[in-house]
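Take a look at the structure set out below.
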Amino acid sequence: MRITFLTHFPGKGGSSSLLLQMSEFLQGLNHKIAMVVGDDCAETVLKGYTVVPRNAGEGWKGRMAAYVKAVLATRPDVVYSISGKDEYDVFRFLSCVRIRHVSSMEQHEFADIPYWIQQVDRFTDAFTANTPDVLARIRSLTAGSTRNQFAGWTVPYRVNPAFNTIRKTQLAAGSADADVVNVCFIARLDQFQKRAHWLPEIMERCQSAGRNFRWHIYGQGPIEPFIKARVEQRKLSDKVCFYGWTDAAALAVRLPLHDVFFLCSRWEGLSVAMVEAMLCGLACVVPADSGGTTYALHEGGGWLYQARSPAACAASLIAATSDPKVLIIKKQEAQAIAHNLFTGRVADEQLAAFAASLPKLRHNGNLLEIAPARRMHSVRAIVALKRLILGAGLRIFSHDYFSGRRP
């Protein structure tokens, strides 16, 4: 079969990692693979892709026409959209089998994934997700669909083999200093999704509460200079290490030296970094989310909390690490859970089930012409109005706050 993958951009990130893994897996089964991306980027991790041009003045319909042309040029039997709004919107105008991967149930003033699914559901022939909880949510959202019966599969991230060699005997040791709790944050350093700008305040609150944390920050992003400046301003530099972007081999060496994997995100799918950290024996303190984190930790391995503010984040970290014996138990649970849910036989069986069903999929017959169609909405109308107001405020806040105009 000829399978064309769609994604919003070819740079570093979970969607690109999954696309690479799925394309390699399907190529190994002798399928022909092509890639079409919505926008290019300087630090690409994909190869051999086609970029859909953005033609000024032609609007959304021109964009959709260009996307359809780029996709049809690959002569696909199946189009598999990994991420992106345009990459989902274009499904309505394609006459081949259409599969959409859903990594998270992201909902905020700029995007509403459940709403996207409901708008394009009848033009979708199958769904995939990283975890069963997300797949179950998609099934419930599409229960009244006019298309054929629901088709969906769980397709896992393939964890780098470097993380499968960590030994359980390493877990009890943790930090060389028994009084220190080593906390790691692995994510893009941005203020909207990851809320990385909260980190300096979270660190300061933990310090003020008398907790001896060492912070290990892995990642890069637009507010990295801001975070470093605030850390220095709060006199926390001796307690924080910045490693920048770090590859899997290096992470597999460093992560077993830490105790806790921490996130304060607005939303997440199943964080690959979290799974890797769990395999290395780190307990997790992460926001409760239906995009995979809740599923991963529903039987232990860490703590879920509501990330409403830096104060709430700090309080959750302090409470989670208050008993060293409980922390060790959570670390041991995390490693066992990650092995049981995301590696080895379980992952192989999930991929095999998806691959076996792929040739049986058929276009459901629902198709639109571009000319009379209306674009898919990012959010509902009332939310769009709030977005205009909040978006303007966010731009002003970001410019003033992150440029250093505020103390």
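The values are calculated or read from the model by the stated rules, or taken from the named source; none is laboratory data. Note that this is a predicted model, so its numbers are computed, not measured. As a convention, Cβ positions derive from the backbone with ideal geometry for all residues, glycine included, and neighbour counts pool all protein chains shown. These area figures cover heavy atoms from the full protein model, side chains too; ligands, DNA and RNA do not enter into them. Shrake-Rupley method; radii C 1.70, N 1.55, O 1.52, S 1.80 Å.
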In segment 297-310, the residues that are farther than 15 Å from ARG266 by Cβ and either of a type in the set (Phe, Trp, Tyr) or open to solvent by less than 50 Å² (accessible area, probe 1.4 Å) (or both): LEU297, GLY300, GLY301, GLY302, TRP303
Matching strands (runs of 3 or more DSSP E) fully within segment 48-158 where at least 2 residues are open to solvent by 40 Å² or more (accessible area, probe 1.4 Å) and not charged (D, E, K, R): 49-51
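Restricting to segment 239-276, name every residue that is aliphatic (A, V, I, L, M), within 15 Å of the chain's Cα centre (by Cα) and under 13 Å from VAL183 (Cα atoms).
Scanning segment 239-276 gives LEU263, MET274.
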Residues of segment 68-89 that turn out to be more than 26 Å from ALA136 (Cβ to Cβ) and either touching a Leu at 6+ places or on another chain (Cβ under 7 Å) or in contact (Cβ under 8 Å) with a residue 60 or more places away in the chain (or both), as a count: 7
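Just for segment 1-19: of the residues that are assigned to a helix (DSSP H, G or I) and modelled with pLDDT under 95, which one is farthest from LEU270 (Cα to Cα)?
So the residue we want is SER16.
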Residue pairs meeting the criteria (Cβ under 6 Å; at least 6 apart or on separate chains; first closer than 10 Å to ILE186 by Cα, in segment 244-255; second open to solvent by less than 70 Å² (accessible area, probe 1.4 Å) and of a type in the set (Phe, Trp, Tyr)): THR246/TYR218
Residue ID - nearest to ALA277 (Cα to Cα), chosen from residues in segment 344-354 that are among the aliphatic types (A, V, I, L, M) and surrounded by fewer than 17 Cβ atoms within 10 Å (Cβ to Cβ): VAL346
Of the criteria (1) open to solvent by less than 30 Å² (accessible area, probe 1.4 Å); (2) within 15 Å of ALA355 (Cβ to Cβ), which one GLN27 fails: (1)
The one condition in (1) among the hydrophobic types (A, V, I, L, M, F, W, C); (2) farther than 27 Å from ALA352 by Cβ; (3) in a helix (DSSP H, G or I) that ALA42 fails to fulfil: (3)
Every residue from segment 45-62 that is among the charged types (D, E, K, R) and touching a Gly at 6+ places or on another chain (Cβ under 9 Å): ARG54
Residue in segment 282-296 that is nearest to ARG266 (Cα to Cα), counting only those that are open to solvent by 10 Å² or more (accessible area, probe 1.4 Å), in contact (Cβ under 8 Å) with a residue 40 or more places away in the chain and part of a loop (DSSP other than H, G, I, E, B): ASP289
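Rundown of residues vs (1) within 30 Å of PRO161 (Cβ to Cβ); (2) under 22 Å from the mean Cα position of the chain (by Cα); (3) open to solvent by 60 Å² or more (accessible area, probe 1.4 Å); (4) modelled with pLDDT of 90 or more, yes/no style:
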position	(1), (2), (3), (4)
LEU361	no, no, no, yes
ASN364	no, no, no, yes
GLU369	no, no, yes, yes
ARG374	no, no, yes, yes
HIS377	no, yes, yes, yes
Yes/no for LEU341 being of a type in the set (A, V, I, L, M) and either in contact with a Cys (Cβ under 8 Å, 6 or more places away or on another chain) or open to solvent by 10 Å² or more (accessible area, probe 1.4 Å) (or both): yes
Cross-chain or 6+ apart pairs with Cβ under 8 Å, segment 360-373 first and over 24 Å from GLY62 (Cα atoms), then open to solvent by 50 Å² or more (accessible area, probe 1.4 Å): HIS363/SER95; ASN364/ARG122; ASN364/ASN148
